[in-house]
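Data block below; observations after.
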Amino acid sequence: MTGRSTESPRAMRTSARDRAGGLRYAVAFVLAIAALATLSLYRETMGFPMFYLVLLTTMLFWVTQATSWNILSGYSGYFSFGQAAYVGVGAYTTAVLYGRHQINFYLTLVVSAALCAVLALAVGALAFRLRSLRGEIFALLTLAVPFILAALARIRPEIDGGQGVVVPIPPFPAELGRFQDFLYLINLLVAGAAVAVAFGMQQSRAGWALAAIRDAEDVAEGLGVATFRYKLQALVTSAVIGGVGGSVFALQIGFVAVESVFNLTIPLFVIVMSVLGGRTHWFGPVIGVAFIVLLQDRLTASGLGDWQLIALGVVLAGLVIIAPDGLYARLRARPVPVLATFALVTAALWIPDLPAEPLDAILAGMLAATAVALWRPRRRGAVPQTRAAETSAAVTDADAGTPAVTAADASAVARPSDAAKPATPATEPGEVLVECRGVARYFGGVRALEDVTLTIREGELVGLVGPNGSGKTTLVGLLSGNLRPTRGSIRVAGHEITGLPPHRVAHVGVARTYQIPRPFASMTVRDNVAMAIMFGRSPEPLAAARRGAQRHLEVVGLDALADVYPSALNLHQRQLLEMARALATDPKLLLLDEALAGLNPAEIDNAVEVLRRIHRSGVTIVIVEHLLRVVNQLATRIIVLDRGTCLADGDPRAVMSDPAVIQAYLGKRAHA
Amino acid sequence: MITLQAALAGALIGGLYALMAAGVSVTWGVLRIINLAHFGMILLSAYLTFQLVTSWGMDPILTLVVTVPGMFVLGGAIQWAYDRLGISELNSLLLSFGLLILMVQAVSIVWSADFQRMHESANPYATGSVTVGGLVFPITTLLAFGFAVSLIAGAHVALQRTFLGRALRACAEDPAVAAAFGIDHRRIGTLLGAAAGATAAVAGMLFALANALTPASAFEWFGTVFAVVILGGIGHLVGTLAAGVLVGMVSGVVSVVLSPAAAPFVLFSAIVLALLLRPQGLFATRGAA
Amino acid sequence: MKDRKRRVVTMLAAAALLLGVGAACERKSDGGSTGGASGEPIVVGSTLSLSGAFAATGAIHKIVGEQFVERLNANGGLLGRPVQWIVRDDESDQAKVSTLYEQLISQDRVDLIIGPYATPNILSAMAVAERHGYVLPQHTSVIAPLMTYPCQFPAWSIGPTPNEFVPNQLFDALATLPNPPKRVAILTNQNGSTDFVSYGAGDNKNGAISITKERGLDLVLEVRYPPNTTDWAPIAAQVRDAKPDLVINNGLGVDPVNLLQAMAQLGYKPPLMFSLFPAPGPLLGLGDLAEGLLSVTMFEPNKAALDRLGPEATEIVNEFQNRAKAANLPYTAFETQAAASWTAWEILVAGVQGANSLDHEKICDSLHASGAKTTFAGTLEFDPAKNNFWPSNQLLKQIQNKDWVTVWPPDRAAAQLRAPAS
């Protein structure tokens, strides 16, 4: 994913700065809304043309809808094609209740919100519970919903009388001015609220959770993020905003029939505007809307006639190609040149009255600014040196006596290296931590695990080994709650975890890493680890979590890279990040799934040292590894799996010289 | 009896839906591209069919000789462009949407927005039918079904038996590994896009046989086509065919038994259920394409 | 890849520049020539559905408008001044209609406006017109009860209660046949206008359905279908099995074409069929299948009608045909939609001339007081109590020998109503 820049990041925010930043935003926001409101309230005094107000009203409608879409789909990555459902429900509710039955208009806004919330709850409760739900499936589900609602309106023509409903102008305070003023102000209110909610959500815990879900949902789940709850929250919020926006839309079009609201324009353009603007940020949709609505308006007014849509298609296609991450990201990268260009070009055309219509000047300014924003000169970033590298060098020196890794596992199996340091457990094996009884897991016809019974005690460092396909990763998945056992039960720290969702298992005290590291790409290294603290067993607020993260980064040696984004890390560093993140959940049990895959010898030694440190701090570790040298160095106990069953279990030396084990690995050739 | 007739006609016309959907489904499943421009290609072929028949008096089915190669090239070119640009799944939706707007507008400029329909004298297939027992098989639907079955069956066999087919499936499963085995992702993708274009040409011709054309038609197909794609399982050809038939049948039967307005309601509700219960598609078997 | 991006960025920048320059030399959109008239032009603004779902008919209105304005200007313009028409594409999108009319009125400050196409759009435009007090001549809104703005003026001859007028006129005409139909099937498109004619609206629930029963006829089939129906076989099969004498399809666009085709595929042709708002062209391409099909019309360019109306009408009709051909329209006859469009323009002109001013209140009053004289619809009178819907002078038309001819009422028809071939 993602085009995050790798240049040295802006300030690492301290908590005070965070608060100040938040306050600044809030003030700016209120000022912006107030300024926009004066355009209408003091319109006549200022001589502000009515039409601009109308155009802004259209923009505000789209801001509401695009923000609504973004809250779910941009933030969480679950794309929805069903925006028309909310607009439709909202518009119809207002049209029918107010237009047909003369119920108070403002009350209908509340009813719309409620109906949309119910709709979202129903869809979410069904869709998000499914473990097999891929993002595409959800998108298609949302595509179907508006069709169902439209068909419902057709089947029951009593709802709208069969021919559509005229929506009269509701009573509003005369001081506000004319109807267009009222419409503008109410749209401003709704859009402002929408953006405020989006902003608030992004900064909040929910925002972080959604970002994590977007980047790597099951990893987030494993860290303790209650993904179902946050997704549902986003869905319902999105629905309520969309619905209220739809109610106000009914006022704008004045006549509501099925085709007015259940069409393809709304869902498609909402996506266009959000994505072009930048969909992971609350401000993205605003930019996207401003650009697209103005562009469409100017094209329509341009007299290009038939060619206006062709121009639109070209621009859309062009923008998608050039700025796939959206304009906002580019704007943020270099705000000064972009804004300056906009101001200059607009002024250059406006002041001498060059185009008859100032809006043309503004559009030209926007286009020029876009071009500047998209210009990306070639640049190579240096891959930062890491303290980890230094550490691994130090470790290698210290281990000078260690023989070089031999390619053959066999020799390691038969003759554990003399100089290898056997692991010294921090404490003697203590209470029973993990208890598996009769655990089996089938995938269709494949029996990945069959009747596995084992016990792991606190303080152990268990090496889980076995040939490929023996079920190691499956067992890890079962212990972390990612998989449910087909049979049998698993208890961790006295809790029965069979059937618990992964985030609850995480709260019981289990953490796992992945063989292929899966960091949250949109967050810095520090924030990746902070996530674990924010959502772990003892949750903390962001600022404190970041401080705690720093400590964990020190343990693994990544503290110098704390502000870097994961895309800039090499494999080893990413694996260390995985470990740090897992560690940060304050686990009782740490499951490492081939955490050392793909590393060179120096890196391996470094990693081993890190693991020792972790173990010494009191964490029970289960490590799945192919590298028997490593397992020998670390493990207090080895469990060998073969084709889903437990082949051997016990002291490393004994297990490794067990002929059955050797046979499982090497076939009948025995080694002395 | 009337229900049976409706079911039958619906099942046959489902072939057209399946043919329209096949191109979208396969490029989505294999190449991870949601290609809305496919609808533009169907529209363009339909209009080309109309024009060739009206200006040169060609038999409508024979126009395939021109439209299939044409759309083959266009489809391949579009896919090559997507690949070259390295576009992501969501962005492919947006890019193809832009392309679709372009194509629809181009059609509107050339042929005007008014309804165009092949004259009855030029199009002998429109009103013909074959009657067996009490049941009527309209020629246009028979053609649609016939083309759909043969094309999809043929494609399915090609995917299963030929090297090319296996290469495609490998690409779908794991492009990186496939590349390691020497399978050129771009060439395969272009070929697939071209094949999808060819199916679009046939679908367009079949649509023009039985309908009046207007540029806005392209957008009217979205609902049905995506319904078929969902039910059939993204990327599964045979599933798409079965789903098309099912969609046609359900629509037809519900139209008669309940009301025509109820048909989309039942259909899309069924889709929601199907997605929740069997997200991989009603007819998908593991790993088949 | 970066080179490519840079190239595209450069192109985008160039485009920005071009747009800026282009905006600087802002084109005047579709205007007429200004022969004979002089001075500051009177600007008429409107939107039309030039793309999207309604574009098929929008194209006709565009040609008519251009033709009218040119002709007007050649004959001295309006109040001695040339007329310029600004038309914007509303893309068949209601939300755009409101915004664009607002733009035309407040921003471009057009002097006059004229309506868009299709009822939902007309309703949205009407709301804007009402807010600004602009007179709105509109072509084709059928749902008369909804058209409550006193200064909107319909140009379509459907009358204030089309839900009663149309079915009654049809049945009256059919009653003169040797064997008037007794079994009736009614198929209704759920689009607002067509649904209204079948089922009425609000307090007035009269419509084709109720009138059929009132007249003691047998309603053998009643089907309501959504506008985007694609599979007509089920409906066709139901019609066939119901064995009606008369099929009333209150539908629009290509509904009757699809129906007739689907029925033909079943080997069935209804003895008599009526379609409410069909697209006229495609039906003619059906050959024998569509022979005898009835519909409503405001005007057909039949020789008898043209003879009666005079050389000017003939000239207009021929000119339209030429323009339509040049625009690649498949059906180039000047008929109902075009006539309604022309009439709307004439209403606008009559109002301005009657008031001798561009003041909208005066125009509105003038039209209420004196009505309008039109080429194709005769003299119109506007009664606000009836939402300005003048008594209908609609005709029935029928496809005879592969062409549309007016057949009812007999005093204005160009041909005789043909009974179904038995």
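The values are calculated or read from the model by the stated rules, or taken from the named source; none is laboratory data. None of the values given here were measured: they were computed from a predicted structure. Reconstructed Cβ throughout: ideal geometry from the backbone, glycine too, with neighbour counts over all protein chains shown.
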*What pairs come up if the first residue lies in segment C:212-230 and is facing chain B (nearest Cβ under 7 Å), the second is of a type in the set (Asp, Glu), and their beta carbons are under 7 Å apart, counting only those six or more places apart or on different chains?*
C:ASN228/B:GLU220
_Near pairs, Cβ below 9 angstrom, 6+ apart or cross-chain, from segment A:318-334 (within 15 Å of A:MET273 (Cβ to Cβ)) to any residue that is part of a helix (DSSP H, G or I) and aromatic (Phe, Trp, Tyr)_ = A:LEU319/A:PHE291; A:VAL320/B:PHE97; A:LEU327/A:PHE291
*asked:* Here is a list: B:PHE222, B:PHE268. Which entry is in contact with a helix residue (DSSP H, G or I) (Cβ under 6 Å, 6 or more places away or on another chain) and within 8 Å of chain A (Cβ to nearest Cβ)?
replied: B:PHE268
*Do we have any residue at all in segment A:36-49 that's outside the structural domain of A:ARG332 (by TED's automatic domain parsing), more than 30 Å from A:GLU357 (Cβ to Cβ) and modelled with pLDDT of 85 or more?*
no
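Just for segment A:184-200: of the residues that are surrounded by fewer than 18 Cβ atoms within 10 Å (Cβ to Cβ) and in contact (Cβ under 8 Å) with a residue 12 or more places away in the chain, which one is farthest from A:ILE253 (Cα to Cα)? Break it down stepwise before answering.
Step one: filter segment A:184-200 for residues surrounded by fewer than 18 Cβ atoms within 10 Å (Cβ to Cβ), giving A:189, A:193, A:196, A:200.
From the residues that got through so far, the ones that are in contact (Cβ under 8 Å) with a residue 12 or more places away in the chain too are A:193, A:196.
Numbers: A:ALA193: 22, A:ALA196: 26 Å.
The selected residue is A:ALA196.
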*asked:* Please pick out the residue among C:LEU286, C:LEU276 that is in contact with a helix residue (DSSP H, G or I) (Cβ under 8 Å, 6 or more places away or on another chain), crowded, with 22+ Cβ neighbours inside 10 Å and at pLDDT below 90.
replied: C:LEU286
*Pull up segment B:37-91, narrow it to residues that are part of a helix (DSSP H, G or I) and of a type in the set (Ser, Thr, Tyr), then point me to the one that is nearest to A:MET273 (Cα to Cα).*
B:TYR82
*asked:* Of the conditions (1) away from chain C (no Cβ under 13 Å); (2) surrounded by fewer than 20 Cβ atoms within 10 Å (Cβ to Cβ); (3) closer than 24 Å to B:ALA216 by Cα, B:GLU89 satisfies every one except a single condition; which number is it?
replied: (3)
_Exactly one condition in (1) more than 33 Å from the chain's Cα centre (by Cα); (2) within 12 Å of chain C (Cβ to nearest Cβ); (3) modelled with pLDDT under 50 is false for A:ARG380; which is it?_
(1)
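What residue, of A:GLU458, A:GLU496, is acidic (Asp, Glu) and either under 26 Å from A:LEU634 (Cα atoms) or buried (at least 18 other Cβ atoms within 10 Å of the Cβ) (or both)?
A:GLU458
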*Do we have B:THR131 as assigned to a loop (DSSP other than H, G, I, E, B), at the interface with chain C (Cβ under 9 Å from one of its Cβ atoms) and not small (Gly, Ala, Ser) here?*
no
*Filter result for A:ARG154 (modelled with pLDDT of 85 or more, assigned by TED's automatic domain parsing to the domain that holds A:PHE81, touching a strand residue (DSSP E or B) at 6+ places or on another chain (Cβ under 9 Å) and in a helix (DSSP H, G or I))*: yes
*Which numbered condition trips up A:GLY644, out of (1) surrounded by fewer than 20 Cβ atoms within 10 Å (Cβ to Cβ); (2) at pLDDT below 85; (3) on the phi > 0 side of the Ramachandran plot?*
(1)
*Does A:ALA16 count as out of contact with any helix residue (DSSP H, G or I) (no Cβ under 7 Å at 6 or more places or on another chain) and modelled with pLDDT under 90?*
yes
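When residues of segment A:167-183 are filtered for being outside any loop (DSSP other than H, G, I, E, B) and either crowded, with 22+ Cβ neighbours inside 10 Å or not aliphatic (A, V, I, L, M) (or both), how many remain?
Summing the residues that are outside any loop (DSSP other than H, G, I, E, B) and either crowded, with 22+ Cβ neighbours inside 10 Å or not aliphatic (A, V, I, L, M) (or both) in segment A:167-183 gives 6.
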*Select from segment B:167-210 the residues that are among the hydroxyl-bearing types (Ser, Thr, Tyr) and over 14 Å from B:LEU16 (Cα atoms) and list them in ascending order.*
B:THR190
_So A:TRP282 ticks every box in (1) farther than 23 Å from B:GLY98 by Cβ; (2) in contact (Cβ under 8 Å) with a residue 40 or more places away in the chain; (3) facing chain C (nearest Cβ under 9 Å) but one. Which box is left unticked?_
(3)
_Number of positions in segment A:292-339 that are out of contact with any helix residue (DSSP H, G or I) (no Cβ under 9 Å at 6 or more places or on another chain), among the small types (Gly, Ala, Ser) and more than 9 Å from chain C (Cβ to nearest Cβ)_ = 0
*Could you list all residues from segment A:97-132 that are surrounded by fewer than 18 Cβ atoms within 10 Å (Cβ to Cβ), within 14 Å of chain B (Cβ to nearest Cβ) and without any contact (Cβ under 8 Å) to a residue 60 or more places away in the chain?*
A:ALA122, A:LEU126, A:LEU130, A:ARG131, A:SER132
*Counting only residues that are assigned to a loop (DSSP other than H, G, I, E, B) and touching a Leu at 6+ places or on another chain (Cβ under 8 Å), which one in segment B:188-243 is farthest from C:ALA53 (Cα to Cα)?*
B:GLY233
*Restricting attention to segment C:231-270, report how many residues are in contact with a strand residue (DSSP E or B) (Cβ under 7 Å, 6 or more places away or on another chain) and more than 9 Å from chain B (Cβ to nearest Cβ).*
16
*asked:* Go through (1) under 23 Å from B:GLY154 (Cβ atoms); (2) over 18 Å from the mean Cα position of the chain (by Cα); (3) polar (S, T, N, Q) for B:SER259 and report which single condition fails.
replied: (1)
_Test set (1) at negative phi; (2) surrounded by fewer than 24 Cβ atoms within 10 Å (Cβ to Cβ); (3) in the same structural domain as A:MET366 (by TED's automatic domain parsing) - A:VAL275 fails condition number_ = (2)
*Return the residue satisfying two criteria in turn: it lies in segment C:286-305 and is more than 21 Å from the chain's Cα centre (by Cα) and closer than 19 Å to B:ALA212 by Cβ, and of such residues it is farthest from the other protein chains (Cβ to nearest Cβ).*
C:GLU291
*Does segment A:362-371 contain any residue that is within 12 Å of chain C (Cβ to nearest Cβ), in contact with an Asp or Glu (Cβ under 9 Å, 6 or more places away or on another chain) and either aromatic (Phe, Trp, Tyr) or surrounded by 17 or more Cβ atoms within 10 Å (Cβ to Cβ) (or both)?*
yes
*Restricting attention to segment A:518-543, which residues are free of Cβ contacts under 8 Å to residues at least 60 places away in the same chain and among the hydrophobic types (A, V, I, L, M, F, W, C)?*
A:VAL525, A:VAL529, A:ALA530, A:ILE533
*Filter segment C:306-332 down to residues that are under 23 Å from C:LEU396 (Cβ atoms) and in contact with a Leu (Cβ under 9 Å, 6 or more places away or on another chain) and give me whichever is nearest to the other protein chains (Cβ to nearest Cβ).*
C:TYR331
